[in-house]
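Note sheet for the following structure.
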Amino acid sequence: VVFHDTTEQKQAQQRAEERQAELLHVSRLSTLGEMASGLAHELNQPLSAIMSYASASVRSVQRGDFDPLKLATNLNSIVAQSSRAGDIIRRVRDFAQRRQPRLETVDVNKCVQDVLSLLHTTIRHAGVETALDLAKGLPTVHGDAIQLEQVLVNLMRNAVEAMQGTDSNHRQLTVRTATPSSDVVAVTVSDTGPGMDDKTKSRVFEPFFTTKDNGLGIGLSISRSIIESHRGHLWVAPSEQGGCAFTFTLPASQSPGAEEAQHDNQREATSRDVWTRT
């Protein structure tokens, strides 16, 4: 009998996973720091609206000539704007928190829409138009939603920054989801920027390689590691509009109905086996 003590190996693997989680968290915090100004502006909009509706309601009550219907409309508007502010805070909190990877069923189209909401102010201030082409009936994937959103944030922000030197009338961010096959989900983020040469393209996923003056060069490297940890692939190619198109693919997860049918078949087979042996 031969025994192998794998304690040190498992401990080293655990330390590596912890360092990877810390790096992902630091990257998200760095991204939020760069987005702080836009997020503050976005949060200020619903807060200003709440103040306006509340002030108008208070003044009408103090004058004693308020219209109950108009007052109810103002209060409903306050509720709606409060909900909007709460959504902004929730998205930022979820994106910033440090936690262990949480594997769950993820709707990729929803991830795209949540990230666009998070980057709404950044995209608008950069003068970039957004085009969405989200496939209907897209299969879900099995993974960590926050990590996948981190990849989308990196790709979309890079696309927006790449178009800053182009004509303001020719800045378009396109996000497309598709199913190349029944068991694969694909997401493509493309821009209308100047593109990149072959040398840059060959090194773009290297850690600490960057073409930005103030860039850290870890965003795309981390994005690729996240996608590969989800058993997917991430690559870059020229886009049809002249810029770059970053595409990643992920294995599709089984639909709840198919999964339940599989469990039913397994239970039925087990029951037949037990009945036969009995």
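Spacing of the modelled spin labels on Asn169 and Asp183, each 7 Å from Cα toward Cβ, amounts to 4.9 nm. Full extension of the chain between Leu103 and Ala56 yields a length gain of 12.2 nm, computed as 0.36 nm times the residue separation minus the alpha carbon distance.
Which net charge results for the neighbourhood of Val175, defined as the other residues with beta-carbon distances under 11 angstrom from its beta-carbon, given Lys and Arg at +1 and Asp and Glu at -1?
-1
What ranking, highest mean first, results for peptides 168-180, 222-234 when packing means the other Cβ atoms within 10 Å averaged over each residue?
Highest to lowest by the protection proxy: 222-234, 168-180.
When the Cα gyration tensor is reduced to axis lengths a ≥ b ≥ c, the ratio a/c is 1.5 or higher for segment 46-184, and with a/b above b/c it is classed as prolate. Using θ = phi - 60° in the Karplus curve 6.51 cos²θ - 1.76 cosθ + 1.60, the 3J(HN,Hα) couplings for segment 183-198 round to 10, 9, 10, 10, 10, 10, 10, 10, 9, 10, x, x, x, 9, 6, 4 Hz; x is entered for Gly and Pro. Net charge of the neighbourhood of Asp133, taken over other residues with C-beta under 14 Å away and scored Lys/Arg +1, Asp/Glu -1, is 0.
Once the Cα-Cα distance is subtracted from the 0.36 nm per residue extended length, the Ser82 to Thr210 segment shows a gain of 42.1 nm. Heavy-atom accessible area, probed at 1.4 angstrom with all protein chains present, ranks Asp87, Asp94, Asp167, Asp5 as Asp5, Asp167, Asp87, Asp94, highest first. With a cut-off of 10 Å between beta carbons, the residues surrounding Gly193 carry a summed charge of -1, where Lys and Arg count +1 and Asp and Glu -1.
The values are calculated or read from the model by the stated rules, or taken from the named source; none is laboratory data. Since we're looking at a predicted model, the values are computed, not measured. Virtual Cβ from ideal backbone geometry, glycine too; neighbours counted across all protein chains shown. To get the accessible areas, we keep the full protein, side chains included, count just its heavy atoms, and leave off ligands, DNA and RNA. Shrake-Rupley method; radii C 1.70, N 1.55, O 1.52, S 1.80 Å.
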